[in-house]
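Inspection log for the structure reproduced underneath, given as structure tokens.
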Amino acid sequence: MPSQIEPYCQGDLDGLCGLYAIINALCALCPEIDEELATTLFRHLARHMEGRLKEPMPVIAYGISATSLRLLLKRALRFTSKNLGVEIETTEFAMARRNLDLRKLWRHLSNELGSGHVAIIMLRGASHHWTVACSATETTLRLIDSHDRKGLVRSRCTISDTHSRFQLSE
């Protein structure tokens, strides 16, 4: 047996990063969410997934689609409203907009993030992963990430199909 193995972490083998992204985004916006409430919310969303899906295994193995994430986010917002009395407003940014390039998207994120705003972002390409952006500079997105990624550098990102860079989508 090897003396030193690198253990797998939550998210290495499962596709539940979407649930974590929702919870991390809400925790960033609502500091009153403690570990107990976050655990309750996770279970609430997991039960909702189980009840809505005939076979939850694809979600566990392959991840949560953008449509499913939106539905789970709505459910999480109702949970937050009911349990904390906090109303959170969401807006969607259409990635399919005409003339959208990475520089324009990055500028939009820079203007919107911080001061009580976060963005749930789907990464594709070099990684398939839901994460939360909490602030942006001209060159870097700062993340609250379930897989311990601290940030994304714009030069490693794209909005085009890729296998070698991080494609920002949905």
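Odds and ends about this structure:
- Candidates Leu19, Leu45, Leu71, Leu109, filtered to the one that is in a helix (DSSP H, G or I) and without any contact (Cβ under 8 Å) to a residue 24 or more places away in the chain: Leu71
- Filtering region 49-102 to residues that are under 21 Å from His129 (Cβ atoms), in contact with a Ser or Thr (Cβ under 8 Å, 6 or more places away or on another chain) and at pLDDT 95 or above leaves only Leu73.
- Residue ID - most open to solvent (accessible area, probe 1.4 Å), chosen from residues in region 131-146 that are among the polar types (S, T, N, Q) and within 17 Å of Gly15 (Cβ to Cβ): Ser146
- Looking only at region 122-145, residues that are in contact with a strand residue (DSSP E or B) (Cβ under 7 Å, 6 or more places away or on another chain), of a type in the set (Val, Ile, Thr) and either part of a loop (DSSP other than H, G, I, E, B) or free of Cβ contacts under 8 Å to residues at least 60 places away in the same chain (or both) come to 2 in all.
- Of all residues in region 60-87, those satisfying the criterion of being of a type outside the set (S, T, N, Q) and open to solvent by 40 Å² or more (accessible area, probe 1.4 Å) are Ile60, Ala61, Tyr62, Arg70, Leu71, Lys74, Arg75, Arg78, Lys82, Leu84, Gly85, Glu87.
- Failed item in (1) over 25 Å from Leu13 (Cβ atoms); (2) surrounded by fewer than 20 Cβ atoms within 10 Å (Cβ to Cβ); (3) within 16 Å of the chain's Cα centre (by Cα), with Arg149 passing the rest: (1)
- Here His128 meets each of (1) under 13 Å from the mean Cα position of the chain (by Cα); (2) surrounded by 15 or more Cβ atoms within 10 Å (Cβ to Cβ) with one exception, condition (2).
The values are calculated or read from the model by the stated rules, or taken from the named source; none is laboratory data. Owing to the predicted nature of the structure, the values given are computational and were not obtained by experimental measurement. No Cβ is skipped: glycine too gets one built from the backbone with ideal geometry, and neighbour counts run over all protein chains shown. Quick note on the areas: whole protein, heavy atoms, side chains included, nothing else; ligands and nucleic acids left out. Shrake-Rupley method; radii C 1.70, N 1.55, O 1.52, S 1.80 Å.
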